[in-house]
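Structure, as structure tokens:
The values are calculated or read from the model by the stated rules, or taken from the named source; none is laboratory data. What you are looking at is a predicted structure, and each value in this text was computed from that prediction instead of being measured. Every residue, glycine among them, receives a Cβ derived from its backbone with ideal geometry; neighbour counts consider all protein chains shown.
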Amino acid sequence: MSKILIVDDSPAQLYQLQQMVEKVGHQALTAACGEDAIKIAALQNPELILMDIVMPGMSGYTATRKLSRDEQTRHIPIIFVSSKDGDADRAWGLRQGARGYITKPVNQNLLLNAISSAMAA
């Protein structure tokens, strides 16, 4: 069982993603903003982070950049889970340090495959 941090400002989206990862045996941690994600990642050391992009305050791009550059959290793979589905969005997300990019609405099989791939890398 892996600890997965889910970051999204939508309670409905947090719940949906939490159900998807817990159904296959992972432990879900949640954060509603980028600032909280950084704190929780440093304290809880999750095996993976699912990160929304558009959030109030710090964006998922900024949070991912900070996590990817911090010695304590740089090893944690991050997958963006976003409604932004353009090629430029995907490319920019991967340049910020993410290892994957899934668009909403989330397909459970795609999500679980992305999680497995990111954790195996």
Worksheet item: Taking LYS66, is it more than 18 Å from ALA98 (Cβ to Cβ) and either crowded, with 23+ Cβ neighbours inside 10 Å or of a type in the set (D, E, K, R) (or both)?
Response: no
Worksheet item: For the subset of the range 24-55 comprising residues that are assigned to a helix (DSSP H, G or I) and in contact with a helix residue (DSSP H, G or I) (Cβ under 8 Å, 6 or more places away or on another chain), which member is farthest from ALA98 (Cα to Cα)?
Response: GLU35
Discussion item. If I ask for residues that are more than 12 Å from the chain's Cα centre (by Cα) and either free of Cβ contacts under 8 Å to residues at least 12 places away in the same chain or surrounded by 18 or more Cβ atoms within 10 Å (Cβ to Cβ) (or both), which ones from the range 41-57 would you list?
Written reply: LEU43, MET55
Discussion item. Go through the range 85-121 and report how many residues are in a helix (DSSP H, G or I) and of a type in the set (Asp, Glu).
Written reply: 2
Worksheet item: Mind checking which residues of the range 5-23 are over 12 Å from the mean Cα position of the chain (by Cα), crowded, with 18+ Cβ neighbours inside 10 Å and outside any helix (DSSP H, G or I)?
Response: none
Practice prompt. Filter the range 62-84 down to the residues that are outside any helix (DSSP H, G or I) and of a type in the set (Lys, Arg), then identify the one that is nearest to LYS3 (Cα to Cα).
Written response: ARG74
Discussion item. Can you go through ARG65, ARG90, ARG74, ARG99 and tell me which one is in contact with a Pro (Cβ under 7 Å, 6 or more places away or on another chain) and not small (Gly, Ala, Ser)?
Written reply: ARG99
Worksheet item: Counting only residues that are surrounded by 14 or more Cβ atoms within 10 Å (Cβ to Cβ) and either within 13 Å of ILE79 (Cα to Cα) or small (Gly, Ala, Ser) (or both), how many does the range 107-118 have?
Response: 5
Item to complete: Tally the residues that are polar (S, T, N, Q) and touching a strand residue (DSSP E or B) at 6+ places or on another chain (Cβ under 8 Å), restricting the search to the range 70-114.
Response: 3
Worksheet item: In this structure, does MET58 turn out to be touching an Asp or Glu at 6+ places or on another chain (Cβ under 9 Å) and in a loop (DSSP other than H, G, I, E, B)?
Response: yes
Worksheet item: Does the range 72-95 contain any residue that is at pLDDT 95 or above and more than 14 Å from the chain's Cα centre (by Cα)?
Response: yes
